[in-house]
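Only one structure is covered here, and it is reproduced in the block below.
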Amino acid sequence: MALIFLESICDDPEVIAANVALKVSMGDPDYKDMSPEDAKRDFLRRIKEYETIYEPVTEPHLSYFKITNVGQHATVCRIHGYLQSRIAFYLMNLHLKPRSIFFSRVRCSTIPPPLSSEPLICQLR
């Protein structure tokens, strides 16, 4: 059996604030009988407590995937096999933040290089 550690680190204040707001506003059972202000205070207190005991995965002999600030940075260590690779691929392709995606259509041109499109692509037609 293969073991892989998945670690998510978030130190971006904007992402933390958005997560706290979401947790408090979504009717989380932990906060059902609390005011939004008390729930926010409690959640931030929990984060501070977790920070005091947190130990990052740094052992080079272990298999792990570490993602920082919701995909801003990813570290992969000793990922082997189909399932571990698929998990790493999935996590690296999660996009929780808004982003732009640009599409471009490649076309052949009579304009000589370097202004024209890639000649090898034109030959494939």
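Just to verify a result, which residue in the stretch 107-121, among those that are among the hydrophobic types (A, V, I, L, M, F, W, C) and surrounded by 10 or more Cβ atoms within 10 Å (Cβ to Cβ), is modelled with the highest pLDDT?
In this case the residue turns out to be C108.
What are the residues in the stretch 57-84 that are touching a helix residue (DSSP H, G or I) at 6+ places or on another chain (Cβ under 8 Å) and either at positive phi or without any contact (Cβ under 8 Å) to a residue 40 or more places away in the chain (or both), if any?
N69, V70, G71, A74, V76, listed by residue number.
The values are calculated or read from the model by the stated rules, or taken from the named source; none is laboratory data. These numbers come from a predicted model, not from an experiment. Neighbour counts run over all protein chains shown; Cβ positions are idealised from the backbone, glycine included.
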